[in-house]
Each structure stands twice: as C-alpha cells, then as structure tokens.
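Undergrad: Please find one structure pasted underneath; my questions will follow.
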Amino acid sequence: MGLSKLNGLYREVILDHANHPHNKGELPTSTNAMTLHNPTCGDTINLQVKVADNKIEDIAYTGEGCTISQASASMMTDAVKGKTTEQALAMAKIFSDMAIGKQRSASELAQLGDAQILTSIMEFPARIKCATLSWWALQRALLKQSDEEDNNE
Ligand code: ZN
C-alpha cells in the first residue's frame, strides 16, 4: 500500500516529519538506549533517552527505513519529550494497544499529539510494525534494567 490511501492532511503531516525530522541525531549523554529493527521492511531505530528526576529531559534517534517508520520516530520523540517516564510509558501503551487492534478513547489518543495521526495506519496491517517500532523502542529503553542484555546491536 502507499501513503496515497491516507487522508490528505495526515499524509502531509507524515511527510513533513519524514522530510524534516525532529530530534534526529545523537545525544551527548543518555541514560537509556535501545536499537530495534523491523526486518519485514528494513527499518531501524536507534533511540537514546536522557532521564533525569524521572522525566524525559532529552530524547533523540537515528535510523533509516521507510517514511512511516522515520516519521513515527520524529512524532514519538516530540510527543514524549518533557513527560515523566510513567506518562511516556502510558502513551507507548496506547499506541501499541492500537497496533494489536484494541480501541482506545479519543481523549487517550489526543495525548499522543501528532503521533495520533499514525494510529490511522492501523488500517494497513503491513505497515503497523513500521509505525509502532519507535514506540516499542521507547518502552524497552525505559523498562530496561541496568544490564545491556536487551541491546541487540
Ligand atoms: Zn517500514
């Protein structure tokens, strides 16, 4: 499927994030990090998070892949920056619940900011992993214990 099937406004916001990504790059220092791959599409997200006082003080990513995966990382990082880790995990739960077909309320979706647009991708099962990859990376980065076992780099 192509982006052409999406609503025009949604498509514009997604392309804008993909072409002018927010928070793309590397942090000088981070407390949590996670790299995830989506082999079915060839997407990679390397996520770095700096948590201080239980808040996401800074977040950045590098990666490559399709428009949807990269736009999702840009939107996700925008949405969670400045949030507490609990708030960010709750947002990631909303997004990943959508990915497995659970319905969430409009007010819950509104918490996601621009990222709620990508929940419209759930109509296209082949692209769900692309949209959800960065949220899974966030969950795993924040929940990871101090050992680095989870890091598949
Ligand atoms: Zn993809």
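The values are calculated or read from the model by the stated rules, or taken from the named source; none is laboratory data. Note that the structure is predicted; figures quoted are calculated from it, not measured. Cβ sites come from the backbone with ideal geometry, for glycine too, and all protein chains shown count toward neighbours. Note: accessible area is taken over every heavy atom of the protein model, side chains too, but ligands, DNA and RNA are not part of it. Shrake-Rupley method; radii C 1.70, N 1.55, O 1.52, S 1.80 Å.
Undergrad: Given the residues 15, 6, 36, which is the only one that is over 19 Å from residue 129 (Cβ atoms), touching a residue at least 40 places away in the same chain (Cβ under 8 Å), in contact with a helix residue (DSSP H, G or I) (Cβ under 8 Å, 6 or more places away or on another chain) and within 16 Å of the ligand (Cβ to nearest atom)?
TA: 15
Undergrad: Shifting gears a bit: Is there any pair with a first residue in region 78-97 that is closer than 17 Å to residue 54 by Cβ and a second that is among the basic types (Lys, Arg) and open to solvent by 20 Å² or more (accessible area, probe 1.4 Å) whose Cβ atoms are under 6 Å apart and which are 6 or more apart or on different chains, and what are they?
TA: 84/55
Undergrad: Okay, moving on. Would you pick out the residues in region 59-70 that are crowded, with 19+ Cβ neighbours inside 10 Å and either within 19 Å of residue 28 (Cα to Cα) or away from the ligand (no atom under 16 Å from the Cβ) (or both)?
TA: 59, 60, 61, 63
Undergrad: For region 117-148, give me the residue count where each residue is surrounded by 16 or more Cβ atoms within 10 Å (Cβ to Cβ) and modelled with pLDDT of 90 or more.
TA: 16
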